Every structure is written in C-alpha cells, then in structure tokens.
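Q: Got a structure here, written out as structure tokens. Questions coming.
The values are calculated or read from the model by the stated rules, or taken from the named source; none is laboratory data. Note that the structure is a prediction, hence the values are computed from the model and not measured. Every residue, glycine among them, receives a Cβ derived from its backbone with ideal geometry; neighbour counts consider all protein chains shown. Note: accessible area is taken over every heavy atom of the protein model, side chains too, but ligands, DNA and RNA are not part of it. Shrake-Rupley method; radii C 1.70, N 1.55, O 1.52, S 1.80 Å.
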Amino acid sequence: MKKQLIALAVAGAMAAPMIAQADATVYGSFRMGVAQTDNNGSGDTDGDLDVVDTSSRIGVKGTVDLGLEGTEGFFKAEWQAIGTDDPDQTDGLRVRLMQTGARGDWGQVTIGKQWMPHYLWISAPTNVFHPGDGSFGERFNLGNTGEGKSGHFLKRTEGSLAYHSPVMNGLQLVAAVVLLGDNDDDNGVADDSVDAYNLAVRYAANGFTAALSYGEMEVGSSSSSTVVSSTGVGTPVSSVTTTTFADNEVENLGLNLKYKANALEVMVKYEEEETTVDGAVTKDEEVIELAVRYTVNGTAVYARVSDYEDKKVAGAAGDLEQWGVGVSKKLGKGIVYLEHVNNDSDDTAGDRTLAGYRLDF
C-alpha cells in the first residue's frame, strides 16, 4: 500500500506541469465506517465490530481547449483507495475510471473506462445506501456482473466508447459499445465483433424521470480437461488435454421511474437479465426495487425494499428479499450516517449495521 501511494505521489508530481496547463481539479471522497455484520453464512451468528472502507476514491478531472468553436476536450482519472486491510477487500489502489473525450452542443463522445448509462440511469437512483458493495448497498444490481475482462457488464466498463446526445426537450439518448478484444464466439479465435453494447434513453420533466436501458454482452470462454492414460505396467503414461470453447451471452433490460416532489423522492427499478451458455439458459434473473428518501435541512431519512428471483434456481435460494433503512446528516462537505440492511435468511450475505462518515473534496 505504501509503495503504491509513493508511486502515485511521484506520478502526480511528474504530471503537475501538464495539469497546470489544463483546467484540472483534484477531487476525492473518503468513506469510512464501523460495521457489525450478522448471519453471514450458516446459522445465527453475531459478527464482530469492524472498520470498513465504503468505496473511498481520489481522482483528477479537467477540460482542455481544443481550439474548436463550441467543443472542448475533457478527461477524468479516478482510483479506488482502500483504507482497510481486511482480506475480503485487499489493500492498495485500483483504477475506477480512466476516460477522455470531447463535448459540445452536439453532445459528448467518451472513450476509456467509464460509467455505463445503465448504471447511472437504472441502478444508481435506488442505491440510497452509502456502502456501495455487492452484499448490501448494491446487492441486486444485475448489471454489475458480467463475463470477460470487464467483470462489470453495465457498471464501470473498460474498453468502451460512448456517445451521449444533447438533452432535447427533456429527452436524452446514450449508445455505448465495449471492445475488449475477447473471443466472442465459440471457436477460440479472436474476431472483430463488438463484445457488448448498451442503449439507453431517459426523459425528465416536472420532477418525473423515466429511463429505459437494454444491454447485451457476448464473450467466449474456454475450459481445459486432461485425461491421463496407460496401457499397463511398465508402459509410459500419456496425457491428452482437451480445450472446450463456450459461447456466453448476457442480455439485460432495465427500467427506472423516479418522482421528486419537494423533499420527497420515490424511485422504482425493474431489471431482468438472462445468461445463456451455448444456447442453454443458465440464469434467468429478475429484480424489483422500491426506494424512498425524505430530505429536510441536510437530514435525510431513507428506506428500500428489494425482491430478487432466479427462475433457474429451485427453492428459497432462488427467491430472495432485502430491506434496509438509514438516516444521514450533511455537515458541509461531510456526511454522517447510520444504516441497517437486512438480507433474506436464505441469503448468505447476512445483515449489517453501519455507522459511517463521508468527506468529499
């Protein structure tokens, strides 16, 4: 961790003259808390208190004059900074975002590792809890997972190119493609096809927002098996390794509706995702979430309920529920909060109560 921080500091010092020539800003958000997690596994267990990092990050962003009327260049680089040494979180720095592009009255083009419109418009509105992790705050964001190098099909995706249209009478369109260079067929030979894409549309007017997103990813995978054989005593042992290629495809459809009236916000998310391997459906998932938030004078009270179903999993393990409540208080650029998230008793993720502090700059 220390070596990585030193390397980042040296890189920052070397980049300072270049940053000084651009309209650049260093920003960040440090998010730490004390948590107790219960029932995370088999049986009824009481967890120990633990200091956790809830997705701290630091970055630099800015704009550059391209000498073109009505168009400017921009860039953003952001790293996740892990503030704990928990083995389930690891320590160090990870690239969250690394993107560049140009924007103007005609819209915006961005290339690099960036947010997918599905996450911003479908998943994020109902993510009312501060911990952004896969067991609690983002337990049932189907687009957060995927195949291939990315690992985040419709979240922060590397190797992506996106066009954002200008907002026209409250309507905006986004089209994004992902080019990972993976084998997106079943013969193990790389080709020039698009690995994934995301199309989304959003309409916002008079406190009401509606967003629709469709995404598809197709990435080949392979597995190897070795058979060892011998014809008898004293006969040399031989082995044959066979590689099998599979064609993996993920399709995701998401809908989000949001209404804001003064201090009250109500958000609803519907998401369905189907995963097939060589034409056979291996996952058929569906999520419905309802979230509410009421904010007065910097104090927010919020709650969310989620229902998850995988039609390919029999029994209670394929039908899970989650509920959570929280309260937060804004203190300038800081926030203190207390939250509890309760997962289904058939879910090994468990329950968590968290008291946290967030400081943005």
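Q: Taking amide H atoms as placed 1.01 Å from N in the peptide plane, list the residues 5 or more away in sequence, or in a different chain, whose amide H sits under 5 Å from that of Val194.
A: none
Q: Using the Karplus equation 6.51 cos²θ - 1.76 cosθ + 1.60 (θ = phi - 60°), what ³J(HN,Hα) coupling, rounded to whole Hz, does each residue of segment 356-361 give in order, writing x for Gly and Pro?
A: After applying 6.51 cos²θ - 1.76 cosθ + 1.60, I find x, 9, 10, 10, 9, 8 Hz.
Q: What's the carbon and sulfur percent of segment 250-310's accessible surface, probe 1.4 angstrom, rounded to a whole number?
A: 60 percent
Q: Right, next: Counting Lys and Arg as +1 and Asp and Glu as -1, what is the net charge of the other residues whose Cβ lies under 9 Å from the Cβ of Gly104?
A: -2
Q: Do any of Lys260/Lys283; Lys258/Lys329; Lys258/Lys312; Lys269/Lys329 go past 27 Å between their Cα atoms, and which?
A: Over 27 Å apart, Cα to Cα: Lys260/Lys283; Lys258/Lys312.
Q: Order these peptides, 120-127, 288-295, by their mean beta-carbon neighbour count within 10 angstrom, highest first.
A: Averaged packing, sorted descending, gives the order 120-127, 288-295.
Q: Can you run the Rg to Rh ratio on segment 254-361? Use alpha carbon positions and the Kirkwood inverse-distance Rh.
A: Ratio of gyration radius to Kirkwood radius: 1.08.
Q: For segment 262-343, with every protein chain kept in place, what is the accessible area per residue (1.4 Å probe, Å²)?
A: It amounts to 51 Å² per residue over segment 262-343.
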